[in-house]
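Trainee: Following this message is one structure expressed as structure tokens.
The values are calculated or read from the model by the stated rules, or taken from the named source; none is laboratory data. Quick caveat, the model's predicted, so the values are computed rather than measured. For neighbour counting, all protein chains shown are included, and Cβ atoms are generated from backbone atoms with ideal geometry for every residue, glycine included.
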Amino acid sequence: MIITGGWVATFDDGVGLIKNGAVLIEGSVIRDVGEKERILLENPRDEVLEHPKSIVMPGLICAHCHAYGAFARGMPLKVEPPTRFGEILERIWWRLDKRLTLEDVYYSGLVTAIEAIRHGTTFMMDHHASPYSIKGSLQMLERAYREVGVRANIAYEVSDRDGFDKAREGIQENVDFIKKHEGDEFITGSFGLHAQLTLSDETLEACVEAANGLDTGFHIHTAEGVEDVFDSLSKSGKRVVERLWDHGILGPKTIAAHCVHVNEREMRILKETKTNVVHNPESNMNNAVGVAPVVRMLELGIKPALGTDGFTMDMFREAKVTFVLHKLHTSDPRVMGAEKVLEMLFNNNREILGKYYPKPLGKLVKGAYADLVVIDYVPYTPMDEGNFPWHFIFGMDSSQVRTVIVDGKVVMKDRHLLTVNEDEIFEKARELAKALWERL
């Protein structure tokens, strides 16, 4: 199959912009990328999907999200509105996740995956919680993602908030899932932890012991709110990153989501341990927890990636928010240029995935997984390698996503989802969400 575009952005070395380009797909991988004329001439028998007024680019990657929160959309609160982050956890998320059934988990996965595809997101690092439906929950998410056609890494967030037995059950869910998916190139597992504020020393030690020999990393919320910092200082006399470091949680395959309240020493520890920081600006703004010191991280040589924390599955929007937030926060219009945002979105996100997958993701090159999107965009000003990032920020968005290909399969064509019945899924999801709200 050949996908042609008015432009192809490979994101291999820089933007890698090719005018009148094409991508040749064989099976689940890309076999060639280059000028349309040459690829068509050399492969006359291949099916061709022509997009002369579109840009072909790698599928977008969300480096931190929560499908389990899907049914919170429009959910009645039924309690006093939270005034701080700790109350948001207690009054919203910890009430919802405890009442999820495995069927709820499955349909939350389906609707989240559908939203991902429609927004051009082809990969999700999903951080799951359902404390009273733990066993088999990651398998339910896997089933949903395979059916829709979204590549994913999935983890169960271990926590002590419902007792040590539940923590042990969460540990086992992670271990079983990771072992089952060794060698899987579509769905992989990592070892989820909620946050240090809900994890005792005993449980952290149990997690490290259980992960030993699994060739995986941890996926944990890190210093998201000041509550996490105060709790860590109270329990250990150490700040959040310091405590996680002492327990052996940090490392090259570990994801530290948020890192809003980290100081200079903690940032240097994250850099030295090569821990992957994931910035989630919209969620941080919504929860009023603050702004992560991403500008300083970049200066130190840390490579922050981008996620959504489940706030959305729209990475185009997350990129735009990143672009403007740090200008406002620092009162400096020079910081966080468009080229830096795209470096985070494409280069840094795919660098994390490179630690879990044997073939490249997040770029269109020979031998990479065939995960790509086609967006309808015709520039009305000149567009080239140098100014493409500003076209991306100011001109492109998820409403322009026309066609999505994952693992070499067309998942959405001309805005029509081909893998599942969207109407039937949404109808069932509404029924389940209503029932869940009644149980709150």
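Trainee: Take region 263-277 and flag every residue that is part of a loop (DSSP other than H, G, I, E, B) and either touching a Phe, Trp or Tyr at 6+ places or on another chain (Cβ under 8 Å) or over 19 Å from V226 (Cα atoms) (or both).
Mentor: Listed by number, the residues that qualify are T273, K274, T275.
Trainee: For the structure I just gave you, tell me whether V411 is closer than 28 Å to G337 by Cβ and not small (G, A, S).
Mentor: Against the criterion (closer than 28 Å to G337 by Cβ and not small (G, A, S)), V411 does not qualify.
Trainee: Does any residue in region 160-182 that is without any contact (Cβ under 8 Å) to a residue 40 or more places away in the chain come within less than 6 Å, Cβ to Cβ, of a residue that is surrounded by fewer than 18 Cβ atoms within 10 Å (Cβ to Cβ) and among the β-branched types (V, I, T) six or more places away or on a different chain, and which pairs are these?
Mentor: none
Trainee: Applying the selection to region 101-135, what residues are surrounded by 24 or more Cβ atoms within 10 Å (Cβ to Cβ) and among the acidic types (D, E)?
Mentor: Across region 101-135, the qualifying residues are D104, D126.
Trainee: Filtering region 400-438 down to residues that are part of a loop (DSSP other than H, G, I, E, B) and not charged (D, E, K, R), which residue is surrounded by the fewest Cβ atoms within 10 Å (Cβ to Cβ)?
Mentor: Looking at residues that are part of a loop (DSSP other than H, G, I, E, B) and not charged (D, E, K, R), I get N421.
Trainee: Can you tell me which residue within region 136-177, out of those that are assigned to a loop (DSSP other than H, G, I, E, B) and more than 18 Å from the chain's Cα centre (by Cα), is surrounded by the fewest Cβ atoms within 10 Å (Cβ to Cβ)? First the steps, then the outcome.
Mentor: Within region 136-177, the first condition is being assigned to a loop (DSSP other than H, G, I, E, B), and the residues that meet it are 136, 149-150, 157, 159-163.
Restricting the remaining residues to those that are more than 18 Å from the chain's Cα centre (by Cα) gives 136, 159-163.
Working: G136: 16, S159: 22, D160: 17, R161: 18, D162: 17, G163: 11.
Filtering region 136-177 for residues that are assigned to a loop (DSSP other than H, G, I, E, B) and more than 18 Å from the chain's Cα centre (by Cα), the one surrounded by the fewest Cβ atoms within 10 Å (Cβ to Cβ) comes out as G163.
Trainee: Further question on the same structure: Within region 212-267, which residues are among the basic types (K, R) and closer than 20 Å to N280 by Cα?
Mentor: K253
Trainee: Sticking with this one: Of the residues in region 180-203, how many are touching a strand residue (DSSP E or B) at 6+ places or on another chain (Cβ under 8 Å) and either assigned to a loop (DSSP other than H, G, I, E, B) or farther than 14 Å from G136 by Cα (or both)?
Mentor: So the answer is 14.
Trainee: Moving on. Every residue in region 109-147 that is farther than 15 Å from G59 by Cα, touching a residue at least 40 places away in the same chain (Cβ under 8 Å) and among the β-branched types (V, I, T), please.
Mentor: V111, T112
Trainee: For F394, indicate whether it is more than 20 Å from Y145 (Cα to Cα), surrounded by 19 or more Cβ atoms within 10 Å (Cβ to Cβ) and at pLDDT 95 or above. Full working, then the answer.
Mentor: Numbers: more than 20 Å from Y145 (Cα to Cα): yes; surrounded by 19 or more Cβ atoms within 10 Å (Cβ to Cβ): no; at pLDDT 95 or above: yes.
Spelling it out, it is not the case that F394 is more than 20 Å from Y145 (Cα to Cα), surrounded by 19 or more Cβ atoms within 10 Å (Cβ to Cβ) and at pLDDT 95 or above.
Trainee: Here's a follow-up. Please specify each residue of region 375-399 satisfying the condition of being in a helix (DSSP H, G or I) and touching a strand residue (DSSP E or B) at 6+ places or on another chain (Cβ under 7 Å).
Mentor: If the condition is that a residue be in a helix (DSSP H, G or I) and touching a strand residue (DSSP E or B) at 6+ places or on another chain (Cβ under 7 Å), then F388 is the only one that fits.
Trainee: Let me ask something else about it. Of the residues that sit in region 335-352 and are in a helix (DSSP H, G or I) and among the hydrophobic types (A, V, I, L, M, F, W, C), which one is surrounded by the fewest Cβ atoms within 10 Å (Cβ to Cβ)?
Mentor: Checking each candidate, the answer is A338.
Trainee: A follow-up question, please. Looking at region 45-68, which of its residues are within 16 Å of H279 (Cβ to Cβ) and among the small types (G, A, S)? Full working, then the answer.
Mentor: Step one: filter region 45-68 for residues within 16 Å of H279 (Cβ to Cβ), giving 60-66.
Hit for region 45-68 is A63, nothing else.
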